[in-house]
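No value in this document is a laboratory result; all are computed from the given coordinates. In this text the structure is predicted, and so the values were computed from the model without any measurement. Counting neighbours? That spans all protein chains shown, and the Cβs are built from the backbone with ideal geometry, glycine included.
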Amino acid sequence: MTINDNNITFGHSPDADDAFMFFAMEEKIVEIPGYSISHHMEDIESLNVLAATGKLPVTAISAARYPDVAEHYRIMSCGSSIGRNYGPMVVSVDPMTEADLEGKTVAVPGRFTTSWLLFQIFGPKNCTPLFVDFDDVGPAVTEGRADVGILLHEGQILYEKLGFHGIMSLGEKWHEATGLPIPLGVDLVSRHIGEELAQTIADASLASINYARANEDDALKYALGFGRGIDPADGKKFVRMYVNEDTVDMGQEGRSALEKLFSMAVERGVLAELPELDIIQAN
């Protein structure tokens, strides 16, 4: 891929946590010398699909998607969405147990999402996926197109307010099985733009995250504009869940978690072989 007109495009989803991280770039508080910065915003599954083309120089993706796009991208040590004993929620309209999931149709927010990979690891093998846009998961369940659904983003903490019953927390399942943080999303930088520029981008991304955390009120005010009507208290809780110390630097635990995710996928027969992790350390 090439950088056009000295402009670097960052791909990310229009969610409060992503907006929080890129607030300082959007406000030109953090810049990349010699380049302008633009933002390409799409839901995470659309970014997963786009990443296969290698078109964007920088992009967020679901961690589960990395083996498919590793030829184009390296993982940045910063910017990851990593939870500790929490993550996507499997929900239903009527109360269910995990045993009741057998044979059910599951509304899934994307074929390449980490949530679907986790469900394939921890859920029954005989469920039927119904792949829908992430904001159509809830309606798919309430309208009866699916028996259960996997909620991402704010839905993880708002599902009861939305009238759903929690069946299984994939984050808790992961933690019980591994004791590791759960790697849901990662930020990538193209391996085709040169080492120096890739490092500069990683460093700028880290600077933007650190600025937002140090100036939380200002960054939250901007970020909640992407919160899909979430109230400020819930929005703040959600952002803090996914912009944390692990976002600043995934560290060895984050690397181990990615390795474990992919090895479990291989064991389950979902992934053919283990990818080589290529991580650029932001400073």
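Just a few scattered comments:
- Residues whose amide H comes within less than 5 Å of that of Y73, counting only those at least five positions distant or on another chain, are R191 (H built at 1.01 Å from N in the peptide plane).
- Beta bridges by DSSP in region 89-178, antiparallel share as percent, to the nearest 5: 55
- Straight-distance candidates among the lysines for linking to K221, with alpha-carbon spacing under 21 Å and chain neighbours fewer than 8 residues away dropped: K28, K236, K237.
- Kyte-Doolittle at least -1.0, axis length at least 20 Å by Cα - qualifying DSSP helices, the chain: 195-214, 251-267
- Net charge contributed by nearby residues that have their C-beta within less than 13 Å of A202 (K/R +1, D/E -1): -4
- Per-peptide average of other Cβ atoms within 10 Å, ordering 111-117, 48-54, 182-188 highest first: 182-188, 111-117, 48-54
- Considering only Cα atoms, the convex hull volume of the chain works out to 116 Å³ per residue.
- Distant-in-sequence amide contacts of M168, defined by a placed amide H-H separation under 5 Å and a gap of 5 or more residues or a different chain, comprise V90.
- Region 89-178: equivalent-ellipsoid semi-axes (sqrt of 5 x gyration tensor eigenvalues, Cα, Å): 17, 14, 13
- Descending semi-axes in whole angstrom, ellipsoid equivalent of region 94-247, from the Cα gyration tensor: 31, 20, 15
- Put a plus charge on the Cβ of each Lys and Arg, a minus charge on the Cβ of each Asp and Glu, and nothing anywhere else: the dipole of the chain about its Cα centre is then about 260 debye.
- Here, region 8-91 yields an orientationally averaged convex hull projection of 6.7 nm² when only Cα atoms define the hull.
- Look at the dipole of the chain built from charges on Cβ: of Q281, F23, S256, the Cα furthest out on the positive end belongs to S256.
- The Kirkwood hydrodynamic radius of region 169-246, based on inverse pair distances between different Cα atoms, is 15.0 Å.
- Among D231, D68, D133, the largest mean-square fluctuation in a Gaussian network model of the chain, built with springs joining Cα atoms closer than 10 Å, belongs to D231.
- Remark on D249: its backbone amide H falls under 5 Å from none of the residues 5 or more positions apart or on other chains, H modelled at 1.01 Å from N.
- Point-to-point label distance, E27-T128, nm (Cα→Cβ direction, 7 Å offset): 5.0
- Of every Cα-Cα pair in region 192-283, the percent that sits beyond 22 Å: 49
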